[in-house]
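Visitor: Quick one: this structure, given as structure tokens, is what I'll be asking you about.
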Ligand SMILES: Cc1cc2nc3c(=O)[nH]c(=O)nc-3n(C[C@H](O)[C@H](O)[C@H](O)COP(=O)(O)OP(=O)(O)OC[C@H]3O[C@@H](n4cnc5c(N)ncnc54)[C@H](O)[C@@H]3O)c2cc1C
């Protein structure tokens, strides 16, 4: 028997989550079957709700409280996921791969500055990876970051960024040292949206997905926007991509893990 029963205490927690969702989520705000059908009103309803959920510890349950997470266990997250799915509730809009990356590579100040507002639902982040010349070979990055005193000046472009959600920041690599060997020539940067010189254009795909094309024309960011060393970006990306390919850094609801072959 491979059933994974929940404890009495966990079922009590489930009851709390279910009751809160029943009392707080109107029918018309539930997640559309196709996320391309999200309305502005629904989107901003959820953005506000996410802040309330973060206070309860349910937005990003397993992240440490000191950075705005819930400080709960994977079992709690599994229950939250099951109940949110049941209620048609949306849990977070950010590219969650960014969180563990900042946890692993960010300084204490960077965790407070960039991770906390994401985990508390104040901000949403996109991942900014793919360039127009092609995205499959991510190490062959051409968008440039050039040092200017303590700041960096960013130039280049990206395609296929983001989703139906709007964002206040994006995170990804830029070429910091064109003379250095491959995998030793990138930095991993946070870029605020909006920023002077940053153009974010709609890029709607034929399949219905909402994406953005990004153009950076001398975007100036302060030195603390670089996560990790200035030629360590590929290694930092290793953490990011490990989570992207490993389930987005979330615990799985048991109903999924139970039916997984
Ligand atoms: C719906 C959607 C959502 C996306 N969301 C995001 C996002 O949020 N953020 C983001 O940064 N990107 C996003 N992307 C981009 C995605 O990551 C890229 O599509 C992916 O990295 C592949 O890049 P590409 O499409 O440019 O293909 P290319 O790199 O141009 O490759 C084209 C073809 O050539 C092949 N190929 C490439 N290199 C080689 C090689 N060396 N040898 C042999 N064959 C090769 C590929 O396998 C492919 O068949 C999204 C894309 C889609 C369609």
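Just so you know, all these numbers are worked out from the coordinates, no wet-lab data involved. These numbers come from a predicted model, not from an experiment. FYI the Cβ positions are ideal-geometry reconstructions off the backbone, even for glycines, and counts take in every protein chain you see.
Visitor: Compute the acute angle (0 to 90°) between the alpha-carbon long axis of helix 233-244 and the principal axis of greatest extent of the alpha-carbon atoms of the chain; round to the nearest 10°.
Guide: Once rounded, the angle reads 20 degrees.
Visitor: Same structure again: What ranking, highest mean first, results for peptides 92-104, 209-221 when packing means the other Cβ atoms within 10 Å averaged over each residue? Please report the intermediate quantities before stating the final value.
Guide: Details: 92-104: 23.0, 209-221: 17.8.
Result, highest mean first: 92-104, 209-221.
Visitor: Given the options 169, 29, 53, which has the most mean-square fluctuation in a GNM of the chain, springs set between C-alpha atoms less than 10 angstrom apart?
Guide: Result for the chain, Cα springs under 10 Å: 29 fluctuates most.
Visitor: Separate question: Mind giving me the nanometre distance, one decimal, between the label points for residue 245 and residue 210, set 7 Å out from Cα along Cα→Cβ?
Guide: It works out to 3.1 nm between the two label points.
Visitor: May I pose another question? What spacing in nm lies between the two simple spin-label points modelled at residue 201 and residue 85, each 7 Å away from Cα in the Cβ direction?
Guide: For the pair residue 201/residue 85, the computed spacing is 3.9 nm.
Visitor: For region 109-203, what relative contact order do you get, as a whole percent, if you take Cα pairs closer than 8 Å and at least 6 residues apart?
Guide: 27 percent
Visitor: Specify the angular offset, from 0 to 90 degrees and rounded to the nearest 10, of the alpha carbon long axis of helix 40-56 from the longest principal axis of the alpha carbons in the chain.
Guide: Once rounded, one gets 70 degrees.
Visitor: Right, another one. Which peptide among 77-88, 35-46 comes first, and what is the full order, when sorted by highest mean count of other Cβ atoms within 10 Å?
Guide: By packing density, highest mean first, the sequence is 77-88, 35-46.
Visitor: Against the longest principal axis of the chain, how steep is helix 74-87, in degrees 0 to 90 to the nearest 10, with axes from Cα atoms?
Guide: 80 degrees
Visitor: What whole number of Å gives the distance from the Cα centroid of region 211-231 to the Cα centroid of region 126-140?
Guide: Each part's Cα centre sits 14 Å from the other's.
Visitor: Roughly speaking, what is the stretch gain from residue 39 to residue 122, that is 0.36 nm per residue apart minus the C-alpha to C-alpha distance, in nm to one decimal?
Guide: 27.9 nm
Visitor: Over the chain, what is the relative contact order in whole percent, taking alpha-carbon pairs under 8 Å and six or more residues apart?
Guide: Value for the chain: 19 percent.
Visitor: Give the value in nm², to one decimal: projected area of the alpha carbon convex hull of region 123-244, averaged over all directions.
Guide: The directionally averaged projection comes out at 7.4 nm².
Visitor: While we're on this one: With each run of n ≥ 4 DSSP H residues scored as -39500 (n - 2.57), what mean residue ellipticity at 222 nm is computed for the chain after dividing by its residue count and rounding to the nearest 500 deg cm²/dmol?
Guide: Working: 7 runs with 78 residues, N = 261.
Rounded to the nearest 500, it is -9000 deg cm²/dmol.
Visitor: Separation between the residue 16 and residue 218 pseudo-spin-labels, each 7 Å from Cα along Cα→Cβ, expressed in nm?
Guide: Distance between the two pseudo-spin positions: 5.4 nm.
Visitor: Can you bin region 1-134 into rounded, prolate or oblate? Criterion: square roots of the alpha carbon gyration tensor eigenvalues sorted a ≥ b ≥ c, rounded for a/c under 1.5, prolate for a/b above b/c, oblate for the rest. Show your work: numbers first, answer last.
Guide: Values: a/c = 1.69, a/b = 1.22, b/c = 1.38.
Note, shape of region 1-134 comes out oblate.
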